[in-house]
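Bear in mind these aren't lab numbers, they're just calculated from the coordinates by the rules spelled out. The structure displayed is predicted, hence computed values, not measured ones. Every residue, glycine among them, receives a Cβ derived from its backbone with ideal geometry; neighbour counts consider all protein chains shown.
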Amino acid sequence: MAWFLTLAVLAAVHAEQAQLPPPPSPALAAPLHEAVDVADLTALCVRGKAWMMSDAARHIKKSRRKQEMAALVAQLHQTRIDIREQTDSWIRLADLLREEGLDHAFGQGQAAREWFMQSLEISGRLAIQATDHPRHDAIVYWMIVDMHLLNQTDEVLETAVAFSDLYPDSDYLNDVQLLVGEQTRRRQPDIARSIFEALAPTSPVATYRLAQIQLQDRDFNAAIQTLQAITARDDLPPAFSTMILETLITASRSQNTDPVKPLAALAATPQGPRQILAFARQSFAAGWFEDSALAYQALIQQDPNGADAPIYHYEIVRAHMAADQPERAKVASDDMRARYDARSSWWDAQADQPDARQTARTLIGRLDL
């Protein structure tokens, strides 16, 4: 498209903006390091995010988005399509179009591309014509995102180079570099690796991508260590944590080691039990019963005498039954009876927890139904 930003246009824009203050516009979406939404853009958290939202909630969000788009189109029509007027409204419309594309089969297919093309049409024109906007760097960044979603590799790389030269202090600089890594990780993995390594200390997404490259290189030990380093962060959104744990299990299986071991190590960290429990529940809901059972096993292994251990063990039985594995369910049931009856060490450990003992009795009783 002829109106894409060129280096010359960006240079002219930069010269005009040299004295402008940099307050962010409230209409602009948050940068990558402040929101999981950019993980959506790189197809990292879409599935996890879908798990966290019911069908009814998705329908409501989609309906509200349609209403807001219709209102914005009606409002902007009065400006005779002059994109220099009401710039923030145009920015918001581009955001909504982008979200609509991501909502179509998680950003895949021709329908999604059409929405992304419309978003790019607006973001590209904004980048050229709204040069007096106080956060023009953000406008250009979201144009690069649109190019990325359309897999326009050359355009992403060319514009990213110009962006880095002209906006070296931008809040979006690392985010732009991450998109460059996304575009090069299959064709030029060495370049992508260097980008992700540089961004890893501040970007869990980059660290995750680095682990994926390590997996591709069959460096399973390094991948496991990288993934475990991500899980130690206390700022991970639940959906992203789910994707990391799934990859950690894959890496362990690829190394022919017990995947429960790295999960149990994670369970010993302050954030680990919460992350693993969420993963176990979400995996069961998604029909990944084996992964769910592994996660519950890790929680038990980390704290075998914990008050919730019988609950986790019962969920393992449920996972095997849901997976149509009656023999494994029977083994887990027999083990549960032995571990948590009145003669067990767990029972002695719960001497001051009558509710935990009663829960164990109830769940063991359900095994016989």
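With the convex hull drawn around the C-alpha atoms of segment 201-293, the volume per residue stands at 87 Å³.
For K261 and D169, a Förster radius of 56 Å and the Cβ-Cβ distance give a FRET efficiency of 0.80, rounded to the nearest 0.05.
Taking 1.002 mPa s as the viscosity and 20 °C as the temperature, the Stokes-Einstein diffusion coefficient of segment 313-368 based on its alpha-carbon Kirkwood radius rounds to 185 µm²/s. With R₀ fixed at 30 Å, the C-beta to C-beta distance from V161 to T202 puts the FRET efficiency at about 0.90.
Protection proxy ranking for 172-179, 267-274, using the average of other Cβ atoms within 10 Å per residue and placing the highest first: 172-179, 267-274. If the chain linking D154 and N221 were pulled fully straight, counting 0.36 nm for each residue of separation and taking away their Cα-Cα distance, it would gain 20.7 nm. Each Lys and Arg adds +1 at its Cβ and each Asp and Glu adds -1 at its Cβ; summed about the Cα centre, segment 124-181 shows a dipole of about 140 debye. For segment 177-234, what does the alpha-carbon gyration tensor say about shape, rounded, prolate or oblate, given a ≥ b ≥ c as the root eigenvalues, a/c under 1.5 as rounded, and a/b over b/c as prolate? Judged from the Cα gyration tensor, segment 177-234 comes out oblate (a/c at least 1.5, b/c at or above a/b). For segment 296-338, what class follows from the C-alpha gyration tensor (a ≥ b ≥ c being the square roots of its eigenvalues): rounded when a/c is under 1.5, otherwise prolate if a/b is larger than b/c, else oblate? Note, shape of segment 296-338 comes out prolate. What does the C-alpha gyration tensor say about the overall shape of segment 257-369? Classify as rounded when a/c is under 1.5, otherwise prolate if a/b is larger than b/c, or oblate. Oblate, since a/c reaches 1.5 and b/c is not below a/b. How high is the FRET efficiency between E114 and R253 when r is their beta carbon distance and R₀ equals 41 Å, given to the nearest 0.05? Here the calculated transfer efficiency is 0.60. Between S344 and A70, the simple spin-label model (points 7 angstrom out along Cα→Cβ) gives 5.7 nm. As a rough footprinting exposure proxy, the listed residues M143, M243, M321 were ranked by other beta carbons within 10 Å of their own, and the order from fewest upward is M321, M243, M143. To one decimal place, what Kirkwood hydrodynamic radius in Å is obtained for segment 126-225 from all pairs of distinct Cα atoms? After inverting the mean inverse Cα-Cα distance, the result is 14.2 Å.
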